Amino acid sequence: MNRFGLPDLGIGIGLRTVHFGEILSGRPALDWFEVLSENFMDTGGRPLFVLDQVVERYPVALHGVSLSVGSTDALDRGYLQKLKTLAKRTRARWVSDHLCWTGVLGRNTHDLLPLPYDRATLRHVTRRVKQVQDALERPLVLENPSTYLEYARSTMTEWEFLSELCDAAGCGLLLDVNNVYVSSYNHGFDSRQYIDGIPADRVVQVHLAGHTNEGTHILDTHSGRAIPQVWKLYERLVARTGPVSTLFEWDASIPPLAAVVREAAKARRYRTSARATGTDGA
Amino acid sequence: MAPELALGGLQQWLQVVIEAPGSVKTALRSREAARLVRPARTRDVVRPSHRGLSAAERVGIYQGMYLPRMMEALESDYEGLAHFLGPTAWTRLVRAYLSAHPSRSYTLNELGRRLPEFVRHARVPRAAFCYDLARLERAVAEVFDAPEAKPLTEKELAALRPRDLERARLVPVAALRLLVLDHDAGTWLDSLRGDAHAHPPVRRKRTRALVYRRRYGVKRREQAEAAFALLEDLVAGAPIGRALTRALARRGAARLAGADAAFRLFREWAAMGLFQGRARRSA
């Protein structure tokens, strides 16, 4: 159990437009859905209609891509207000976004851009996370991004940065195990050391996904199944955290719902073995 | 220099490079980027990778994903325009558009808001037709996301008493757009359906189009001139009586055939869900 008392929701997938029909017509064997916040903030049409029905049947958590918590631009207060309203409407169990920035000078690249990991950035992001939490009136849950470059000025590893950020700002972690693998491949660190180094009691949720290996680097494409090494890392993580809300992401060449559900369900065996060994994440 | 400013400079530099057209080398050498980080110092900012990628190549991964991401977002709203222009002209248009109107919103849904006006003055083949096509596609996107409202039913409309009609106003639903086009862009968009893609020739034809939503599905319909003029008046907030009087007094094709024709239209529009569930009396 995490230190926030946030529940283990079980196994879920991301709510995607291509699956709306299948989700409404049946009741897929899933425990919960993750909802991309920005897709539902400004719509009054079919997406919101579907979301309202999903919320009646399943627990949901909100996951954003535009908070830009690491940006040096001012926080977008209008965005935060809409996020809070959506969280209330959907009875979101928690609200997450990424440890990244998406734009400056009022512009948005719509990419999850990397931050340098140093003391100055840590102070900056800590201050911003606290502001977000004050606005949302709940802890923010931050995801480790996949990154393709490292800054020369970084003085800390990503897991050290996240650990200190969690302590300083009081936020939770959404640990994307695929992202850990992708970044370890791209930057040459030991992914097991990362998993062992994060504060287990801060982990509220886990992401799993497929990726694309370009040889010189891996892109986090959310395409296809997760590779065995990622499942191994997940097993290692769950041995530390205990059963934790787990979500499988599939965003490129999205297959029928049943295929995504099948891939997500693989996580159950690791969660069961964690429960069997009595891991409680403490 | 304050730490935030140092981080801000770093972020400005990376963003400038990512948004720049052309190769990453060209982007790094652009005046705006080089003002922040001299190209020769790139590796002082970004570490080369242990797998052999240079600092510039690592930045290039992000730069290379920017345009495809934006194009994908715009194509989801402007599939017809992208298809009409073809890959080369479409890519050129998107580059120019992004340069003039980079995303300033947390949502990509807003990215294409100014594309219709932009394409009107852009160097594209058949710019006037592209303008109509883009306006129609933008209307579809807006109607798709507009707030839902309970529509006025035929029964509720019929219950309005004659003396109320004179002063009552019909309140349109948010999911309604009226467009006057100089080309039959709707028929061209229809031709995208299916695999045949037998597109009609582009020619000028004054077209009046309604874009609306029914049971969360976006619909398009062409409307005759007289009916369209009446609807425009009603949507603009004219009392029903005044709108009818004007419709019957117009000349030529814009003139409505009679009051019966108007009431047939009202019933039709109610069935299409164009007005909200209650009519408000004017003050």
Tell me whether segment B:63-85 contains one or more residues that are within 12 Å of chain A (Cβ to nearest Cβ), under 28 Å from A:Asn39 (Cα atoms) and not in a helix (DSSP H, G or I).
no
Quickly run through segment A:40-51 and pick out the residues that are touching a residue at least 12 places away in the same chain (Cβ under 8 Å) and outside any loop (DSSP other than H, G, I, E, B).
A:Arg46, A:Pro47, A:Val50, A:Leu51
Flag for B:Val119 being β-branched (Val, Ile, Thr), more than 30 Å from B:Arg267 (Cα to Cα) and either modelled with pLDDT of 95 or more or touching a His at 6+ places or on another chain (Cβ under 6 Å) (or both):
yes
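Yes or no, residue by residue, for (1) assigned to a helix (DSSP H, G or I); (2) in contact with a Leu (Cβ under 8 Å, 6 or more places away or on another chain); (3) closer than 30 Å to A:His19 by Cα:
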site	(1), (2), (3)
A:Val180	yes, yes, yes
A:Tyr185	yes, no, no
A:Phe189	no, no, no
A:Tyr194	yes, no, no
A:Leu237	yes, yes, yes
Output the residue which, of all residues in segment B:12-54 that are over 23 Å from A:Ser154 (Cβ atoms) and not in a helix (DSSP H, G or I), is nearest to the other protein chains (Cβ to nearest Cβ).
B:Ala20
If we scan segment B:52-74, do we find a residue that is over 25 Å from A:Thr216 (Cβ atoms) and surrounded by 14 or more Cβ atoms within 10 Å (Cβ to Cβ)?
yes
Could you list, in sequence order, the residues of segment B:100-129 that are part of a helix (DSSP H, G or I) and of a type outside the set (Lys, Arg)?
B:Ala100, B:Leu108, B:Asn109, B:Glu110, B:Leu115, B:Pro116, B:Glu117, B:Phe118, B:Val119, B:Ala127, B:Ala128, B:Phe129
Which listed residue, of A:Val55, A:Val60, A:Val129, A:Val69, is more than 9 Å from every other protein chain (Cβ to nearest Cβ), within 18 Å of the chain's Cα centre (by Cα) and under 27 Å from B:Ala146 (Cβ atoms):
A:Val60
Within segment A:112-141, track down each residue that is in a loop (DSSP other than H, G, I, E, B) and either surrounded by fewer than 21 Cβ atoms within 10 Å (Cβ to Cβ) or among the small types (Gly, Ala, Ser) (or both).
A:Asp118, A:Glu137, A:Arg138
If the Cβ limit is 7 Å and pairs must be 6+ apart or interchain, which residue in segment B:255-271 that is not assigned by TED's automatic domain parsing to the domain that holds B:Arg169 pairs with which residue that is at pLDDT below 90?
none
From (1) at pLDDT 95 or above; (2) surrounded by 14 or more Cβ atoms within 10 Å (Cβ to Cβ); (3) not charged (D, E, K, R), pick out the condition that doesn't hold for B:Leu244.
(1)
Run B:Val173 past the list (1) away from every other protein chain (no Cβ under 14 Å); (2) buried (at least 21 other Cβ atoms within 10 Å of the Cβ); (3) of a type in the set (Val, Ile, Thr); (4) under 30 Å from B:Arg264 (Cβ atoms) and report the number of the one that doesn't hold.
(1)
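The values are calculated or read from the model by the stated rules, or taken from the named source; none is laboratory data. Predicted, not measured: the structure shown is a model, and the values here were computed from it. Reconstructed Cβ throughout: ideal geometry from the backbone, glycine too, with neighbour counts over all protein chains shown.
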